[in-house]
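The values are calculated or read from the model by the stated rules, or taken from the named source; none is laboratory data. If you're wondering where the values come from, they're calculated on a predicted model, not measured in any experiment. Cβ placement follows ideal geometry from the backbone for every residue including glycine, while neighbour counts extend to all protein chains displayed. Just so you know, the surface numbers come from the protein's heavy atoms only, side chains and all, with ligands and any DNA or RNA stripped out. Shrake-Rupley method; radii C 1.70, N 1.55, O 1.52, S 1.80 Å.
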Amino acid sequence: MDISVGHLMKFEDFLPSFYSDGLNRSEYLGIKNLVKNCKLVIDLNLSGCNFFKLIAENYHGLQQLNLTRCVKLTDKGLRMILVKCSSLLSLNLYALSSFTDAAYKKISLLVHLQFLDLCGAQNLSDDGLSCIAQCKNLTSLNLTWCVRITDRGVMAIAEGCRSLEFLSLFGIVGVTDKSLEALSSFCSNTITTLDVNGCIGIKVLGLSLQRQSREELLQLFPKLKCSKVHS
């Protein structure tokens, strides 16, 4: 059934989640009223939208937030969301490359966070990632194309996030065998998916990663089921 924004407004506190992609002005005004009247939303997809202040000020109980390609979201806006929405379990910042470490470090406030997608976070440094390592409940972390990351950041994640099940380091040339060793030391019993394809700095037993066999990775991560997320 196709439900308009006007219809959605009538649901008030009974709407646990809603999705919005590329709203026009009239739809935005409808969502503004919706936000003010529906206080129990816990799952929100704002892919491509730009009314972040409304979210930060009204949805302190949010558990899942998808900000994929919300290119108008600034450092200040993200920091406001992270401070106000501290109950988040899932945060998707896929394909957003303009944030600085000042914003990324605020992710450490999300003590219950389990899922974090930072694919394409080109400004994320080891300092920012080391703060994110304080999110000790993380089970899924996507760092694909986070090109400034090195062993120091990954080692902090390995030591701080010992419940990791999914980790993608795809395309990060600054990580080496030290990262694999740290992950194996702290997360070998939990990691089931690990993508280190394109990490040309990683060499195991003197071989480039492209020639590294699944059997050798299984020696480091015995519960590994998937070693290639990206094609």
Check on Gly153, open to solvent by less than 20 Å² (accessible area, probe 1.4 Å), small (Gly, Ala, Ser), in contact with a His (Cβ under 9 Å, 6 or more places away or on another chain) and not in a strand (DSSP E or B): no
Looking at Leu129, Leu138, which one is over 11 Å from the mean Cα position of the chain (by Cα) and either at pLDDT below 95 or surrounded by 20 or more Cβ atoms within 10 Å (Cβ to Cβ) (or both)? Leu129
From (1) open to solvent by 20 Å² or more (accessible area, probe 1.4 Å); (2) farther than 17 Å from Ser90 by Cα; (3) not in a loop (DSSP other than H, G, I, E, B), pick out the condition that doesn't hold for Ala182. (1)
Let me spell it out: the conditions are (1) within 17 Å of Gln219 (Cα to Cα); (2) outside any strand (DSSP E or B); (3) open to solvent by less than 10 Å² (accessible area, probe 1.4 Å), and Leu194 meets all of them except one. Which number is the exception? (2)
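Could you list, in sequence order, all residues of region 102-113 that are buried (at least 19 other Cβ atoms within 10 Å of the Cβ) and out of contact with any Asp or Glu (no Cβ under 7 Å at 6 or more places or on another chain)?
Matches in region 102-113: Tyr104, Lys105, Lys106, Ile107, Leu110, Leu113.
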Residue under question is Thr144, and the condition is that it be open to solvent by less than 10 Å² (accessible area, probe 1.4 Å) and either closer than 24 Å to Val196 by Cα or out of contact with any Gly (no Cβ under 9 Å at 6 or more places or on another chain) (or both); does it hold? yes
Can you tell me which residues in region 113-142 are at negative phi and among the small types (Gly, Ala, Ser)? Ala121, Ser125, Gly128, Ser130, Ala133, Ser140
I'm told Phe99 meets every condition in (1) part of a loop (DSSP other than H, G, I, E, B); (2) open to solvent by 60 Å² or more (accessible area, probe 1.4 Å); (3) under 19 Å from Ser130 (Cα atoms) except one. Can you identify the failing condition by its number? (2)
Pick from region 51-69, criterion out of contact with any helix residue (DSSP H, G or I) (no Cβ under 9 Å at 6 or more places or on another chain) and either at pLDDT below 70 or not small (Gly, Ala, Ser) (or both), ranking: least open to solvent (accessible area, probe 1.4 Å): Thr68
Single residue of Leu167, Leu217 found to be modelled with pLDDT of 95 or more and either among the aliphatic types (A, V, I, L, M) or part of a strand (DSSP E or B) (or both): Leu167
